[in-house]
């Protein structure tokens, strides 16, 4: 039997998920594993690498400094494995039509603007096949950079090297635990949140995005304090808010897309809005017919007022309870 000490890709994925959640129960649920199975995977990975990746106590899980330093390399390995699988699944002959590979997050997939753009695009360009790939916040930028997708629906801003076509603008809201004293107020101001830790996005998210979504620095020049989390998905962010008392800023539409009994969304009167749009690498904009068609449709719909707003109700309006 062949024995290898090389870490398996599924173990590295488990590492990334636990590094994001910093909670074995939540990480195991995301991976469809039991907690003991996840613990065993992490122990095996640590043994194969010969390092301790996490510091565990009865109440807390934290990355060790070495574990934190290894995260970018782990993401590269997992990303390369995804690229290999993606390439192997591609047809050997691409002459049957034009394919536009579009990345989008769970949130972007549900927005009316996304659906209106795609419906118009496929109507005006019936020979264009749109291949959707649902990505998290880290995968989105990586997928664009390495050419796994041609364009993405995303919230702006974007780092250097990418182009963007704005579609809609909407308010941002603050996400609070339902037990937070501030959750009882309909409207807040940034000063009310001074000193509150912001949920930290994963290191793979660009610094320009991290600063924008944390409003860092604040208008008075103060710097933001971040939590120990490294989230790349909205659901993980909301769990961090609920369990650990940090706060986060999200597009107002999150109140409709992610209603949870343990979370409250509140208006922040002096918080700048956010913009949703289409993003693509600068190097590809003039060469890809699919991108040019997509951008043209975006401009037409926006200029004609044909795009629905991101959100339909105020964030302080709680969703109606489900009826049995």
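The values are calculated or read from the model by the stated rules, or taken from the named source; none is laboratory data. Everything numeric here is computed off the predicted structure, so don't read it as measured data. Because the Cβ atoms are built from the backbone with ideal geometry, glycine has one as well, and the counts that use them run over all protein chains shown.
Condition check for residue 162 on (1) closer than 14 Å to residue 280 by Cα; (2) surrounded by 14 or more Cβ atoms within 10 Å (Cβ to Cβ); (3) more than 18 Å from the chain's Cα centre (by Cα): one failure, at (3). Of all residues in the stretch 106-120 being in contact (Cβ under 8 Å) with a residue 24 or more places away in the chain and either outside any helix (DSSP H, G or I) or over 20 Å from residue 155 (Cβ atoms) (or both), which is farthest from the chain's Cα centre (by Cα)? Out of the qualifying residues, it is 120. So, residue 206, is that one more than 19 Å from residue 265 (Cα to Cα) and either at pLDDT 90 or above or in contact with a strand residue (DSSP E or B) (Cβ under 9 Å, 6 or more places away or on another chain) (or both) or not? No; evaluated as a whole, the condition is false for this residue.
Yes/no per residue for (1) exposed (fewer than 15 other Cβ atoms within 10 Å of the Cβ); (2) more than 15 Å from the chain's Cα centre (by Cα):
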site: 123; (1), (2): yes, yes
site: 129; (1), (2): yes, yes
site: 148; (1), (2): no, yes
site: 154; (1), (2): no, no
site: 168; (1), (2): no, yes
site: 182; (1), (2): no, yes
site: 187; (1), (2): yes, yes
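Answer with yes or no whether residue 173 is modelled with pLDDT of 90 or more, crowded, with 22+ Cβ neighbours inside 10 Å and touching a helix residue (DSSP H, G or I) at 6+ places or on another chain (Cβ under 7 Å). So residue 173 passes the test.
Of the residues 141, 119, the single one that is crowded, with 22+ Cβ neighbours inside 10 Å and at pLDDT below 95 is 141. The condition of being buried (at least 18 other Cβ atoms within 10 Å of the Cβ) and either out of contact with any strand residue (DSSP E or B) (no Cβ under 7 Å at 6 or more places or on another chain) or farther than 26 Å from residue 74 by Cβ (or both) holds for only one of 238, 250, that being 250. From the list 257, 294, the one residue that fits, being within 25 Å of the chain's Cα centre (by Cα) and outside the structural domain of residue 179 (by TED's automatic domain parsing), is 294.
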